[in-house]
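The values are calculated or read from the model by the stated rules, or taken from the named source; none is laboratory data. In this text the structure is predicted, and so the values were computed from the model without any measurement. In this analysis, Cβ positions are derived from the backbone assuming ideal geometry, glycine residues included, and neighbour counts consider all displayed protein chains.
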Amino acid sequence: MHELSIAHNVVEIASHAANEAGINRIQAVHLKLGALSGVEKDSLLFCYEIAAEGTRLQGSRLEIDEIPVAIYCPHCDDILPLPGVQALCCPRCGTSSADIRQGYELEVISLEYESSDEPELSL
Ligand SMILES: [Zn+2]
């Protein structure tokens, strides 16, 4: 399964970062997920639990920040987020544009962990 290998990757990245920072118990992993990343959110959440089992991330949450597709519209001279991925048209003026500027993201952005002073680690 595609999502399972991605989930393993996320766990690996987070574990490595936690190791470097000397963090034992991670509460949550924050991930940016673009609408065009080809990854299904629910499937990834499910696979995350499997991938995290037996690691220091076991029992932690995967917080997914969904990033919409955004295109550059030459007519508006602006970057606009799209309501969906069906049509690559400017939501303001309707000009079609294949100049995608956002939506392929798939990255771990930060970790949440138990600490009194700095409960978040940015990656
Ligand atoms: Zn436009």
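Give the residues of segment 13-34 that are more than 11 Å from Val108 (Cβ to Cβ) and under 10 Å from the mean Cα position of the chain (by Cα), sorted by residue number.
Of everything in segment 13-34, just one residue is more than 11 Å from Val108 (Cβ to Cβ) and under 10 Å from the mean Cα position of the chain (by Cα), namely Gly34.
Of all the residues that make up segment 88-112, how many are within 14 Å of Lys32 (Cβ to Cβ), touching a His at 6+ places or on another chain (Cβ under 7 Å) and within 16 Å of the ligand (Cβ to nearest atom)?
Looking only at that region, the number is 0.
For (1) under 15 Å from the mean Cα position of the chain (by Cα); (2) within 16 Å of the ligand (Cβ to nearest atom); (3) closer than 20 Å to Ser5 by Cα, each residue gets a yes or a no:
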| site | (1), (2), (3) |
| --- | --- |
| Leu36 | yes, no, yes |
| Gly54 | no, no, yes |
| Pro74 | no, yes, no |
| Asp78 | no, yes, no |
| Pro83 | no, yes, no |
| Gln86 | no, no, no |
| Ser115 | no, no, no |
| Leu123 | yes, no, no |
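Which of the numbered conditions does Thr55 fail, given that it passes all the others? Conditions: (1) more than 16 Å from Val29 (Cα to Cα); (2) assigned to a loop (DSSP other than H, G, I, E, B); (3) hydroxyl-bearing (Ser, Thr, Tyr).
(1)
Can you confirm whether Cys73 is without any contact (Cβ under 8 Å) to a residue 40 or more places away in the chain, surrounded by 15 or more Cβ atoms within 10 Å (Cβ to Cβ) and outside the structural domain of His30 (by TED's automatic domain parsing)? It would help to see each step written out before you state the result.
Working: without any contact (Cβ under 8 Å) to a residue 40 or more places away in the chain: yes; surrounded by 15 or more Cβ atoms within 10 Å (Cβ to Cβ): yes; outside the structural domain of His30 (by TED's automatic domain parsing): yes.
So Cys73 fits the description; yes.
List, please: which pairs have Cβ atoms under 7 Å, are six or more places apart or on different chains, and start with a residue in segment 49-70 that is within 30 Å of Ser96 (Cα to Cα) and end with one that is basic (Lys, Arg)?
Ile64/Lys41; Asp65/Lys32; Glu66/Lys41; Ile67/Lys32; Ala70/Arg101
Hey, among the residues in segment 96-122 that are in contact (Cβ under 8 Å) with a residue 40 or more places away in the chain and among the acidic types (Asp, Glu), which one's surrounded by the fewest Cβ atoms within 10 Å (Cβ to Cβ)?
Applying the filter and picking the extreme gives Glu114.
Within the set of pairs 6+ apart or on separate chains, which have a first residue in segment 77-94 that is more than 18 Å from Ile67 (Cβ to Cβ), a second that is more than 8 Å from the ligand (Cβ to nearest atom) and of a type in the set (S, T, N, Q), and C-beta atoms under 7 Å apart?
Partner pairs satisfying both residue conditions: Cys89/Ser96.
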